[in-house]
Structure formats: structure tokens, C-alpha cells
Amino acid sequence: MARTRPDYRPRTPHCCDCGRQLEVTRDQGTIAAGAAILPEFPGAVCEDCLVLIEGMAVTDFKAEAAVHFIHATNFEVKTPVAVQNYLDLYGWEPVVVGACAVRLHADGKPSDAFTLLKNARAEGPAGYYDVERAALLLIDGETGQAHDLLTATTTKDHPRWHHWNGVLAHSVGRTDAAVEHWRLQVAGHPDDFESWLPLSFHLMQELEDFPAAEQYFRGAVARHPKHQEFRAWLGDAILRQGRRDEALVELKAALELEAVDEKFAAGIDELIAKLEAGED
Ligand SMILES: [Zn+2]
């Protein structure tokens, strides 16, 4: 089952059980491979092996779903192998490659992450991968190199260009410029929930400007009504202005939503209990 080491270039996928070569179809980010894709292993299986599979198996798999799994799954194989398998399935699909690089970087394989981005950049779009590289460099505190990459690209190259320019500006103490970039990020891509995150943090944690945060989270909740964290933070922003009953309504509504993070959900539950017991 174990083939060669990952080389971070897409290869022909094989059944992850018997090793037989698999057919892949890719249509605008949605793929099908063999009889089914196993997002959590990850890999794909042939018709004969499908009956042996116990975990999750899907037939049509969208790139956005793959990104979610790449970020959040505790894979059965090591991260470099998992990333290689996703590349084999998706080819040079930018959002999938970007997520793979972030995962490698987060799992302590930064040089693998940069190798992947370098290989992908040669296939293009170069500007997209330059912004992805800048994002990883910012996490590493390499603001100079990140600055050069972001200056050489534009908002047309990457949907999160303003997001990362804001992070860069913030990290060098240019707060006003950061806020401006983050506002443009939200204005340009309100449907991407991550667009909303940096200003949320800035208003709540840094400025502690709770009226402004409340207004901001109302906007976030309107756009992302099922996002538990935005709803809970709205409750928190209201609570910090002393409107306990109103805050409780929002916190309880948040608890009804699907939890992305179990710890976070437990925290909401705890806060509600505390408020109802009159401790706050
Ligand atoms: Zn097989």
C-alpha cells in the first residue's frame, strides 16, 4: 500500500486498499475517483475494495469540502502522505493546494509546505501561490519576505489578499492600515467567514470597543446565521455592555447551532449556566 515518498506533485491515484490504478474525473473543483473517495484516510478505493471500507466514503467530492477535511481531520496516515493523496485526487486545484500547504506548515513540516507551493507556482496561477507563501511567512514572522510578495501581487491574485495585507500591517504596528485592509476584505468577500475574523478579534480583544463589536457581529451573523462563534461573540459583546438578558438570548441561540469546536460550545454552555445562576 505504501508507495514512494511524497514528492508534492499530483500522480495517478491508486486504490488505497489493493493498489489498482483509479480513474479520476474532475469538474470545476468537484471530483470522483474509483468507486469512492475516503476523505478521512484520505484516498480513494476501487469497486472491489469499497465493501471492505468502514469509515466515511463519498462519491462526488467538492474542493470546499476537501479544504475542510484537510484543515480539520486527524488522518489515518501521516500528514505528508495525506497531502500527497489529496494532490493525487485533485491535481493542481489552488484552494486544495493552499489548504495542504497550511496543514503541512501547521504539522511541523514547513519546508515541505514551501516545496509544495513552489511546485504549484510553476503550474500557476503564480500570484495566488505567492500570496499563499506570504501567509505562511507571516505565521513564521518573516514580515520582510511577506511584504515583498504581497507588494508584487494585487487583490486580483487571491481572494484573501486584503486579509493577509492586514495581518502584515498589524504585525508591523500599522493598525490603521490593517483595519482598512480588513474592512476591504469583509466588503469584498463577506461570504467567506474568515474575512470577518481579524476585525472581530481587533474590536473585542484589542480595542474592547463593545458597541462597535456588537454592530460588527450583527453583520457577521446576518451573513453567516449558522456560524456558532459569531452568534456567541455577539452575545459576549452585548454582555460586556451590561445587557445580561439580551446577551442570554443570543448565547442560547448560539448553543442551538452546530458546534464546529466542542470546547467552544462547552464554554457557551458554561457561561449561560453562570449567567442564569446570577454569578455575573
Ligand atoms: Zn481496490
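The values are calculated or read from the model by the stated rules, or taken from the named source; none is laboratory data. Keep in mind the model is a prediction, meaning the values are calculated, not measured. A quick note on method: Cβ atoms are made from the backbone with ideal geometry, for glycine too, and the neighbour counts reach across all protein chains shown.
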Can you run down the residue pairs with Cβ atoms below 9 Å, 6 or more apart or on separate chains, where the first is in segment 17-35 and on the phi > 0 side of the Ramachandran plot and the partner is more than 16 Å from the ligand (Cβ to nearest atom) and part of a strand (DSSP E or B)? G29/K62
Output for segment 76-95, where each listed residue is buried (at least 24 other Cβ atoms within 10 Å of the Cβ) and under 16 Å from the mean Cα position of the chain (by Cα): V83, Y86
Which of (1) closer than 14 Å to R5 by Cβ; (2) at pLDDT below 95 does A72 not meet, given it meets every other one? (1)
Taking the stated definitions as given, is F210 over 25 Å from H68 (Cβ atoms), out of contact with any strand residue (DSSP E or B) (no Cβ under 8 Å at 6 or more places or on another chain), in the same structural domain as A273 (by TED's automatic domain parsing) and aromatic (F, W, Y)? yes
Matching residues, segment 205-244, being farther than 20 Å from A266 by Cα, charged (D, E, K, R) and assigned to a helix (DSSP H, G or I): E206, E214, R218, R223
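Every residue, every condition in (1) within 16 Å of the ligand (Cβ to nearest atom); (2) at negative phi, yes or no:
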position: L38; (1), (2): yes, yes
position: G43; (1), (2): yes, no
position: V51; (1), (2): yes, yes
position: A57; (1), (2): yes, yes
position: F69; (1), (2): no, yes
position: F75; (1), (2): no, yes
position: V95; (1), (2): no, yes
position: G124; (1), (2): no, no
position: G127; (1), (2): no, yes
Could you please tell me which pairs satisfy a Cβ distance under 8 Å, a separation of 6+ or placement on different chains, a first residue in segment 42-61 that is of a type in the set (D, E, K, R), and a second residue that is at pLDDT 95 or above and away from the ligand (no atom under 12 Å from the Cβ)? D60/T30; D60/I31; D60/A32
Scan segment 23-33 and tell me whether some residue there is within 14 Å of the ligand (Cβ to nearest atom), in contact with a Gly (Cβ under 6 Å, 6 or more places away or on another chain) and modelled with pLDDT of 95 or more. no
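With the condition kept exactly as written, say whether any residue in segment 147-157 is β-branched (V, I, T), surrounded by fewer than 18 Cβ atoms within 10 Å (Cβ to Cβ) and in a loop (DSSP other than H, G, I, E, B).
Taking segment 147-157 and keeping what is β-branched (V, I, T), we get 151, 153-155.
If we keep only those that are surrounded by fewer than 18 Cβ atoms within 10 Å (Cβ to Cβ) too, we end up with 151, 154-155.
Pick out the ones that are also in a loop (DSSP other than H, G, I, E, B) and you get 154-155.
So far as segment 147-157 goes, yes, one or more of its residues are β-branched (V, I, T), surrounded by fewer than 18 Cβ atoms within 10 Å (Cβ to Cβ) and in a loop (DSSP other than H, G, I, E, B).
Go through the residues of segment 78-88 one by one and say whether even a single one is without any contact (Cβ under 8 Å) to a residue 40 or more places away in the chain and assigned to a helix (DSSP H, G or I). Working first, answer last.
The first filter runs over segment 78-88 and keeps only residues without any contact (Cβ under 8 Å) to a residue 40 or more places away in the chain, leaving 78-79.
After this cut, where a residue has to be assigned to a helix (DSSP H, G or I) as well, the list is 79.
Checked segment 78-88: at least one residue is without any contact (Cβ under 8 Å) to a residue 40 or more places away in the chain and assigned to a helix (DSSP H, G or I).
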Conditions (1) in a helix (DSSP H, G or I); (2) assigned by TED's automatic domain parsing to the domain that holds P13; (3) surrounded by 22 or more Cβ atoms within 10 Å (Cβ to Cβ); (4) not hydroxyl-bearing (S, T, Y): number failed by I37: (1)
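So if I check each of G219, G235, which one is within 17 Å of W182 (Cα to Cα) and at pLDDT 95 or above? Walk me through it before giving the result.
Working: G235 fails: within 17 Å of W182 (Cα to Cα).
Answer to the check: G219.
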Tell me which residues, restricted to segment 2-37, are more than 25 Å from N119 (Cα to Cα) and of a type outside the set (D, E, K, R). C18, G19, G34, A35, A36
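Determine if segment 177-198 includes at least one residue that is free of Cβ contacts under 8 Å to residues at least 60 places away in the same chain and within 22 Å of I272 (Cα to Cα). First the steps, then the outcome.
Taking segment 177-198 first, the residues free of Cβ contacts under 8 Å to residues at least 60 places away in the same chain are 177-198.
Applying the additional criterion that residues be within 22 Å of I272 (Cα to Cα) yields none.
No, because not a single residue in segment 177-198 is free of Cβ contacts under 8 Å to residues at least 60 places away in the same chain and within 22 Å of I272 (Cα to Cα).
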Test each condition in (1) at pLDDT 95 or above; (2) more than 10 Å from the ligand (Cβ to nearest atom); (3) among the hydrophobic types (A, V, I, L, M, F, W, C); (4) touching a Leu at 6+ places or on another chain (Cβ under 9 Å) for C15 and report the one that comes out false. (2)
In segment 113-120, is there at least one residue being under 26 Å from D191 (Cβ atoms) and touching a Phe, Trp or Tyr at 6+ places or on another chain (Cβ under 7 Å)? yes
